[in-house]
Amino acid sequence: MRRIVVLSGGIGGARFLEGVRAACPEAEVTAIVNTADDLWVFGVRVCPDLDSVMYTLGGGIDPQRRWGRRDETWNAREELGHYGEPDSWFGLGDRDLATHLVRSARLRAGATLSQVTEELCRRWRPGVRLVPMTDDEVETRIVVELPEGERDLHFQEYWIRYRAEAPLRSLRYAGIEAARPAPAVAEVLAEADAIVLAPSNPVVSLRPILEVPGLRDLVRSSAAPVVGVSPIIAGGHVRGMADQLLGGLGLEVSAAAVAEYHGAREGEGVLDGWLVDPADRDAVDRLHAQGITARAVPLYMNDDATTRQLAADAVGLADALVRRR
Ligand code: GDP
Ligand code: CA
């Protein structure tokens with residue numbers, strides 16, 4: 001049986017994983033999901049990327065917002081606002097809250113995030129195994145310049161409350177030095193037939209996964225080809241605000257530059273292959289010179305058929321690279 005491992009953030013990763021599940025129904029698919037967006041809010045542990053993937057693949061996602069639960073109500077949030085609670089910028093829906101309450105109770109009782117995720121997935125049956133990058137707490141922190149001075153914010157506050165617009169000074173993954181890959185990570189990477197980087201945010205979704213000590217080496221030393229899909233098309237993000245973040249950090253906003261940010265496995269990086277949109281065809285030669293095999297295929301995940309085709313193209317590129325190795 002073919003084993004496919006996808007490194008994933010939230011919304012972009014979830015959509016791509018729907019494509020992988022549809023394109024490779026016979027494969028065993030595991031998603032290693034970013035947890036550096038996780039946070040404690042009102043005493044509950046929220047895992048935005050794990051939940052986006054779980055709800056999307058489990059059919060519970062709100063199709064318009066693309067995060068949180070469908071048929072959501074917001075009574076708890078409204079009540080919190082009446083108390084003047086400082087975290088009421090965070091969109092905590094009533095249905096969603098139940099997930100966080102269950103998760104937090106289990107974590108407090110001593111379960112690991114890997115275990116709790118598996119338990120939550122018994123309800124949602126995403127059809128893909130969800131593995132957090134680590135069971136340890138890591139958080140992306142951003143120092144921004146606000147009119148009232150510099151502030152050190154959790155990434156979620158920067159993203160949601162300030163819409164990624166405040167000029168940023170620096171970004172770090174707090175706690176990452178002490179984190180270990182979740183127990184399943186080493187085995188699934190070693191046994192993979194293909195490793196795929198979803199079209200997720202390179203800086204805040206995929207980099208934290210690869211920065212968990214030891215994890216990048218597990219990817220680099222796997223016998224499986226490692227391919228990725230660009231989240232940037234024609235110099236801009238597709239949905240979300242990824243270009244603001246890349247630009248804000250002084251990085252070039254292009255499909256080729258994102259591949260260079262992940263790096264070629266031939267060098268110090270992780271990639272053997274990379275998919276760009278036909279609009280970015282010029283990236284193919286630029287990346288070839290660095291040892292990354294790039295192909296131009298449609299990258300918009302606008303409907304189920306194009307998303308499935310994109311996933312098939314990513315797995316097809318990995319297959320072609322296996323034969324070449
Ligand atoms: P988040 O954790 O919820 O922010 O989601 P991810 O990090 O998994 O994905 C966000 C990224 O998905 C953004 O950088 C978008 O550019 C990218 N993205 C969204 N829709 C598409 C699409 O249709 N095609 C491609 N190639 N990328 C997309
Ligand atoms: Ca995220």
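General remarks:
- Annotation: of all residues in the stretch 227-270 being over 20 Å from A311 (Cβ atoms) and polar (S, T, N, Q), the one that is modelled with the lowest pLDDT is Q244.
- When residues in the stretch 289-320 are screened for being within 10 Å of ligand 1 (Cβ to nearest atom), free of Cβ contacts under 8 Å to residues at least 60 places away in the same chain and in a helix (DSSP H, G or I), 1 of them pass.
- Exactly one residue among A194, A223 is surrounded by 14 or more Cβ atoms within 10 Å (Cβ to Cβ) and hydrophobic (A, V, I, L, M, F, W, C), and that residue is A194.
- So T99, is it β-branched (V, I, T), in a loop (DSSP other than H, G, I, E, B) and modelled with pLDDT of 95 or more: no
- Within the stretch 40-65, the residues that satisfy the criterion of being of a type in the set (V, I, T) and in a strand (DSSP E or B) are V41, V44, V46, I61.
- Among the candidates V188, V258, residue that is open to solvent by 10 Å² or more (accessible area, probe 1.4 Å) and among the aliphatic types (A, V, I, L, M): V188
- Residue within the stretch 68-81 that is open to solvent by less than 20 Å² (accessible area, probe 1.4 Å) and without any contact (Cβ under 8 Å) to a residue 60 or more places away in the chain present: yes
- Residue count, the stretch 8-33 (criterion: part of a strand (DSSP E or B) and touching a Lys or Arg at 6+ places or on another chain (Cβ under 9 Å)): 4
- Any hit, the stretch 13-33, residues being among the hydroxyl-bearing types (S, T, Y) and either touching a Leu at 6+ places or on another chain (Cβ under 7 Å) or within 16 Å of ligand 2 (Cβ to nearest atom) (or both): no
- Inside the stretch 12-48, residues that are at pLDDT below 95 and aliphatic (A, V, I, L, M) make up a count of 1.
- Residue under evaluation R163, criteria (1) at pLDDT below 95; (2) open to solvent by less than 20 Å² (accessible area, probe 1.4 Å); (3) over 16 Å from the mean Cα position of the chain (by Cα), criterion not met: (2)
- Which numbered condition A264 misses (of (1) under 18 Å from V20 (Cβ atoms); (2) open to solvent by less than 20 Å² (accessible area, probe 1.4 Å); (3) out of contact with any helix residue (DSSP H, G or I) (no Cβ under 6 Å at 6 or more places or on another chain)): (1)
- Entry remark, the stretch 286-302: residues being open to solvent by 40 Å² or more (accessible area, probe 1.4 Å) and at pLDDT 95 or above number 7 in total.
The values are calculated or read from the model by the stated rules, or taken from the named source; none is laboratory data. The shown structure was predicted, so the numbers you read here are calculated from the model rather than taken from an experiment. Neighbour counts run over all protein chains shown; Cβ positions are idealised from the backbone, glycine included. Remember, those area values only see protein heavy atoms, side chains included, never the ligands or the DNA or RNA. Shrake-Rupley method; radii C 1.70, N 1.55, O 1.52, S 1.80 Å.
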